[in-house]
Amino acid sequence: MLNVEKLSYRHGGRATGDRLILDAIDLHVNAGEIVCLVGPNGAGKSTLLKCINLIQPSQQAAMTLDGRALVQMSRRDLARAIAYVPQQSGTAMALRVIDMIALGRAPHRRWNSAAQDRRLVLAAIERLDLQALALRSYDELSGGERQRILLARALVQQGRLLLLDEPTSDLDLHHQLQAMTAAREIADAQGSGVLIAIHDLALASRFADRLVMLKQGRVVAQGHWREILTPANIEAVYGVSALIGSDHDIPYVIPMSHP
Amino acid sequence: MQLFSQLSFSLILLAWATLAYAQADRHSLTFRDDVGRELTLKTPLKRVVVFNRYTTEFVRAVAGMQPVVGVDIDSARSHAYWPTITPAMLAGQGQSSPNYEAIVAMQPDAVFFPRNSDWQKAATVLGRFGIPVVVVTAWDVLKHEENVSLFGKLFEQPQRAATLNAFYRRYRDLLTQRLQNLPMGQRKRVYIEEVGAYKTLLKGSGWHDMVEIGGGVNVFGDVSIFKQPSARGSVQGFSVDPEEIIARRPDVIVKLEPGQYEPHSRAFSSQVLEAVAARPGFERVPAVRSGQLYHISYYLAGGCSKIIGALQIAKWLYPDRFKDIDPEQVMRTWLEDFQQVPAPGGYTASLAELRKG
Amino acid sequence: MNTPSTARGALLHTLQRRRWRNWLALLAGLLLLVAAMSLSAALGVQKLSMATSLRGLFAPLLPQAWLSDIPRWQIELLQQLRLPRIVMAVVAGAGLALAGVAMQGITRNPLVSPYTVGISPAAAFGASLAILSGAAGAWSAPYLTVAAAFVSAVLCATLVLAFSALRGVSSTMLVLGGVGLTYLFSALTASVQFVATEQQLSAIVQWTFGSLNGSTWNEVAIAGGVLLLGAPLLQWHAWALNAFAAGGDDIAASLGFAVGRVRAVVTIVAVMITAAVVSFTGVIGFVGLVAPHIARLLIGGDHRWLLPFSAIVGALLVLLSDMTGRLLFAPVIIPVGIVVAYVGVPLFLHLLLSSRHKAAL
C-alpha cells in the first residue's frame, strides 16, 4: 500500500553543514499491517515519518500510496489519506479537547457532514477512554493525556495510512496497552497501514507485523523480530551487548554492558 | 635714541587712547530677566543668538537683523520671511534642543531663550564658555512693553524701541477705549478653532488672550481642565464635542490657518471655511447663519504680541466701532517698517466675502 | 445513532448545552451592545431620554407619527452627529479585535496585536508626513491624512509579508519582520516630529492618541465596508485558525490546510481592516491585544465562537471608552485611545484573577 523507494533527505544547516539524515531508504507498508521503526536517538525515525507526510521535503524519492504518487496529491487529499500523530504538540493555546479531536475531521468536512463528524469524534473519545477529559482545556493536561488525545484525532482522520511518532513514550502501562491495541484495531478493522516510530523494542515486537531497524539514516535490517532481533544487530545498531530472550512468544531485550 | 623713545611713547599713548576710545564706546547694563535673574551685560550687544520666533521679530524690529548671528529652525526655515538668514546660522532645533557647539562657535554676546524652554541647562552649559543666557519671553503679551524697552537698552536703540512701544500702545489703548463701554453681556461670542477640526484653545493660550483683547468672548473660555499657568505657552488645542459648539451658539467663528508667511490661496480658504459651515448641525449656529466665518494667519496675526490679530478680530466683531481702522494697513506697517519684509496682504479671509465672488 | 450508551448520551447532552450556552452568550453580548449604543446616543451635551434617543436612532425606519413630538433638529443631531460616532466606535472596536484574534491565531503568540506587523507606526508616519506637508494645496487636509496613513500602513504590511514570504511565510518571520519595521517607522515618525513646527507637532502627536471626534458617515461607510468584507472571510478560516493554534505549521499542514496561503490571506485581511480603521481614527491601542483575551476567558479558544465574541467585546470596549472620554471632562474630549486602556485594564485584570482558565495565556 505504501511504497517508499530511495528516500533521501539532506539537511543543510549552517551550523552543522550539509548532513545526510536519511540515505536511500526503501520501505513498504501493506494494508492492515503494523510496521514499527526502531533505532537509537537521532537515527532519523521522526524525520522519516515527516518526509512521508510531506511535512519535510525530501530529495530523490518515489513514494506512492495505493499506486498514487504522494507528491502529486493535493494537501487535502493527502490529509484524507494520511493521519499523522506528532511526538508532542507544543504549548497550544486554550482549545477544548473535543475541538482538538474534531480538527481531525477537517480534511473530510463538507456542508452536511456535521452529524457524521460528531459521531466519529464521540466514538474515538469512547475508544480511548477520554470522556472525563472531553470538555477540559487541552493545555491543562498532562503529557500522557495529550498523547491519547492526539491519537484520537488521528483516529477520526480515518486515513489509509497512520503515522505515529513515539505514541507511547509518556504513557503508563495501562495506557500504553490501550494505545497500541487501538492501533492494532485500526489496522484490522479499517484495513489501514500503520507505521510507528517507537523506542520500546518489546512493545514494538508485541504488536508489530514487521520491524525496521534504522541507524544513522540507513535501514540496517527489516523483518519479523525473530529474524532481526539478534545480538549482532543490537550491538551494531545500539552499541550495547544485550540479553535477548523471549517468553510467551514475545521478546525482551535487556542491555547488559558496553562491548 | 631720544627720537626712538619719543616715538615709542607716542605709539603707546596712541594705542592706549584707541583702546580707551573703543572701550568708551561700550557700556554695561544691569537688569533682571524674565525669571528674575540679575544679569550684567556689555551693551550694545553686537552678536546674539535668538530662540523663539517672537523674540527674533522683536530684535529685528528694534535693532534689525545685523546683530543676529544664530536662530532656531523656524526662522532658518522660512526663507521668505527671514531673507538674511543662512543655513549656517542654525543654532539648534528649537528652544528645547539647542545645539551648544554651534552656539559656542558663533561666539555670541548673549543667547535669548523664552521661559518655556530648557534655559537652566543652557545657562549652565554656556556659562562655562562665558556666554550669558538671557530669558526673555516675547510671546507673553503682558510683558510686551517691558521686553521691548529692554531690547532698546540692550541694543542701544532706545528710539526704535520707543517707536515700537508707541505703535503697540496706540492700538492697545484704542482697543481698550472703544471697547470699554461695551458690557460683557453684549460682547460677541467667538469660537476659535485651531488648524485641526474641532480643536479649540482655552484660557492660558495666547490666542484666547487675542480674542479677549479684541473684545470677544471665547465660548470655551470658562473651561479649564488643569490649572496650568500661562507660563506653559500652550499651543495644543483641545478636542471638543461638536454638540457643545452648537450649544454655545458662537456669533463668530475664527479659524487659524496652517502657519506660514506666504498667504494661503483664496481657494484653500474657501474650501476650509465652507467645510466648517457644512458640518452637521452647524447650520443652527449664528455664525454660520450670518456667514461670519473667518480664516486668519496665526503666523502673522501673532506678531507684535498679537495686537494686530486682536485689532482684526475687533473689526470683525464690531465693524461700526472700528470703521476707521484698517487692520490690513496696520499689518503692512508692522511688516514693512518693523520687520523689513514686504507685506503679502491677504492674511485673512472671510466666508461672506468669498461667497460674494 | 439511535440508542447511544449512557456515557455517550451524557456527553452529547453536555455538548448540546454548551452550544446553547454559547449562542445565548452571543445574543446577550449583542443585546448589551445595542443597549450601550442607545445609552451613548442618549448621553451627551443634550441629554435625551432613552426612548427619544432610540426613536431618533431608527428615525428613517419609523413612521412619521412616532416621531412627531421630537424636534427636527434633535433628530438631525442624533442622525448626523451621534450615530456616526457610535457606529464608528463599534466598527473600530470590532475591527481591531477581529484583527487581533486573527494575528494571534496565525502567529500562535498571545502577545501579538494587529499592530505587530508595524501598521500602527507606519500609519502614524504616513499621517505625520501628510500633516508636515502642510496640506495647503487643493487636497482637503483630512482626506490627505487618511489616504497617507492607509497607504503607509498597507505598504508596511506588504513589506513584512513579502519579506517573510522569502522564508515560507512563517509566523516567526512575520513577528520579527514586524518588529523590525515597527522600529524603522517609529524612527521615521520621530524624525518627522523632529523637523515639524510646534503646531504640526501637536497635530501629529494628537493623531497618535486616536479619536472618534467628528466622525462622518463617509468615514463610517469606508471603514465599515472593509470590516463587512473582511469579517466573513476570517470566520470562514475559523477552523484553520484552530488548527494553527493547536499545533503550528506542521500539524496544520498534516490536517490538510494550505499553511502559507492561509497565513497570507488572514494577515492581509487583518491588515486591511486595521489600516482602514486606524487611518480614520488614529491609533487606538490595547483593544486589538486584549479584547481577544477577554473573549477567550469568557468563551474559550475555539475560533468559531472566539471571532464573533471578540468583535463584540472590542466594540463594547471602544464604545464605553468613547462615552467616558466624552463625558468625563465635558466639553473637552479625552481621546478614546487614551481612555481605552483605563477602562480595559481593570476589567482585564479582574477577569485574569477570577478566571479558572489559568493557563489560558
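Within the bounds of segment C:106-115, is there any residue that is part of a helix (DSSP H, G or I), more than 14 Å from chain B (Cβ to nearest Cβ) and among the hydrophobic types (A, V, I, L, M, F, W, C)? Among the residues of segment C:106-115, at least one is part of a helix (DSSP H, G or I), more than 14 Å from chain B (Cβ to nearest Cβ) and among the hydrophobic types (A, V, I, L, M, F, W, C), which makes the answer yes. Of the residues that make up segment B:126-135, is at least one aliphatic (A, V, I, L, M), touching a residue at least 60 places away in the same chain (Cβ under 8 Å) and assigned to a strand (DSSP E or B)? The answer is yes, given that some residue of segment B:126-135 is aliphatic (A, V, I, L, M), touching a residue at least 60 places away in the same chain (Cβ under 8 Å) and assigned to a strand (DSSP E or B). Of the conditions (1) away from every other protein chain (no Cβ under 14 Å); (2) modelled with pLDDT of 90 or more; (3) surrounded by 14 or more Cβ atoms within 10 Å (Cβ to Cβ), residue B:191 satisfies every one except a single condition; which number is it? Condition (1) is where residue B:191 drops out. Within segment C:208-225, being at pLDDT 85 or above and surrounded by fewer than 20 Cβ atoms within 10 Å (Cβ to Cβ) holds for C:217, C:218, C:221, C:222, C:225.
Which condition from (1) surrounded by fewer than 16 Cβ atoms within 10 Å (Cβ to Cβ); (2) in a loop (DSSP other than H, G, I, E, B) is the one that residue A:185 breaks? It fails just one condition, (2). Candidates are the residues of segment C:13-25 that are surrounded by 15 or more Cβ atoms within 10 Å (Cβ to Cβ) and of a type in the set (A, V, I, L, M, F, W, C); the one that is nearest to the other protein chains (Cβ to nearest Cβ) is C:15.
If you scan segment A:98-135, which residues turn out to be facing another protein chain (nearest Cβ under 10 Å), of a type in the set (Lys, Arg) and either part of a helix (DSSP H, G or I) or in contact with a strand residue (DSSP E or B) (Cβ under 8 Å, 6 or more places away or on another chain) (or both)? Correct list: A:105, A:118, A:119. Say whether the condition of being of a type in the set (D, E, K, R) and touching a residue at least 60 places away in the same chain (Cβ under 8 Å) is met by at least one residue in segment B:323-330. Looking for residues that are of a type in the set (D, E, K, R) and touching a residue at least 60 places away in the same chain (Cβ under 8 Å), one finds none in segment B:323-330, hence no.
Taking segment C:26-44, which residues are within 14 Å of chain B (Cβ to nearest Cβ) and within 20 Å of the chain's Cα centre (by Cα)? If the condition is that a residue be within 14 Å of chain B (Cβ to nearest Cβ) and within 20 Å of the chain's Cα centre (by Cα), then C:40 is the only one that fits. Scanning segment A:136-174 for residues that are surrounded by fewer than 22 Cβ atoms within 10 Å (Cβ to Cβ), among the polar types (S, T, N, Q) and either at the interface with chain C (Cβ under 10 Å from one of its Cβ atoms) or free of Cβ contacts under 8 Å to residues at least 60 places away in the same chain (or both) turns up just one, A:142.
Give the residue, chosen from C:222, C:251, that is among the aliphatic types (A, V, I, L, M) and in contact with a Ser or Thr (Cβ under 8 Å, 6 or more places away or on another chain).
C:251
Among the residues of segment B:66-95, those identified as in a loop (DSSP other than H, G, I, E, B) and surrounded by fewer than 16 Cβ atoms within 10 Å (Cβ to Cβ) are B:66, B:79, B:80, B:83, B:84, B:86. Applying the criterion of being of a type outside the set (Gly, Ala, Ser), within 24 Å of the chain's Cα centre (by Cα) and not in a strand (DSSP E or B) to the residues of segment B:106-120, the residue that is farthest from the other protein chains (Cβ to nearest Cβ) is B:109. Annotation: of all residues in segment C:185-207 being within 12 Å of another protein chain (Cβ to nearest Cβ) and among the β-branched types (Val, Ile, Thr), the one that is surrounded by the fewest Cβ atoms within 10 Å (Cβ to Cβ) is C:195. Looking at C:268, C:299, C:284, C:312, just one residue is touching a residue at least 60 places away in the same chain (Cβ under 8 Å), surrounded by fewer than 21 Cβ atoms within 10 Å (Cβ to Cβ) and more than 14 Å from every other protein chain (Cβ to nearest Cβ), and that residue is C:268.
For segment B:87-105, filtered to residues that are in contact with a helix residue (DSSP H, G or I) (Cβ under 8 Å, 6 or more places away or on another chain) and more than 21 Å from residue B:138 (Cα to Cα), the residue that is nearest to the other protein chains (Cβ to nearest Cβ) is B:87. Note on segment C:225-245: residues that are more than 10 Å from chain A (Cβ to nearest Cβ) and either of a type outside the set (A, V, I, L, M) or in a loop (DSSP other than H, G, I, E, B) (or both) total 6.
Scanning segment B:208-238 for residues that are within 13 Å of chain C (Cβ to nearest Cβ), modelled with pLDDT of 85 or more and not in a loop (DSSP other than H, G, I, E, B) returns a single hit, B:218.
Test of understanding: among C:256, C:248, C:210, which residue is within 11 Å of chain A (Cβ to nearest Cβ) and in contact (Cβ under 8 Å) with a residue 40 or more places away in the chain?
Sole residue among the options that is within 11 Å of chain A (Cβ to nearest Cβ) and in contact (Cβ under 8 Å) with a residue 40 or more places away in the chain: C:248.
Given B:122, B:80, B:166, which one is of a type in the set (A, V, I, L, M, F, W, C) and within 30 Å of residue B:216 (Cβ to Cβ)?
B:166 is the lone residue from the list that is of a type in the set (A, V, I, L, M, F, W, C) and within 30 Å of residue B:216 (Cβ to Cβ).
Considering (1) in contact (Cβ under 8 Å) with a residue 24 or more places away in the chain; (2) more than 14 Å from chain B (Cβ to nearest Cβ), the lone condition that residue C:63 does not fulfil carries the number (1).
The values are calculated or read from the model by the stated rules, or taken from the named source; none is laboratory data. This one's a predicted model, so the numbers in the text were calculated from it and none came from an experiment. Methodologically, a virtual Cβ is constructed for each residue, glycine included, from the backbone with ideal geometry; neighbour enumeration extends over all protein chains shown.
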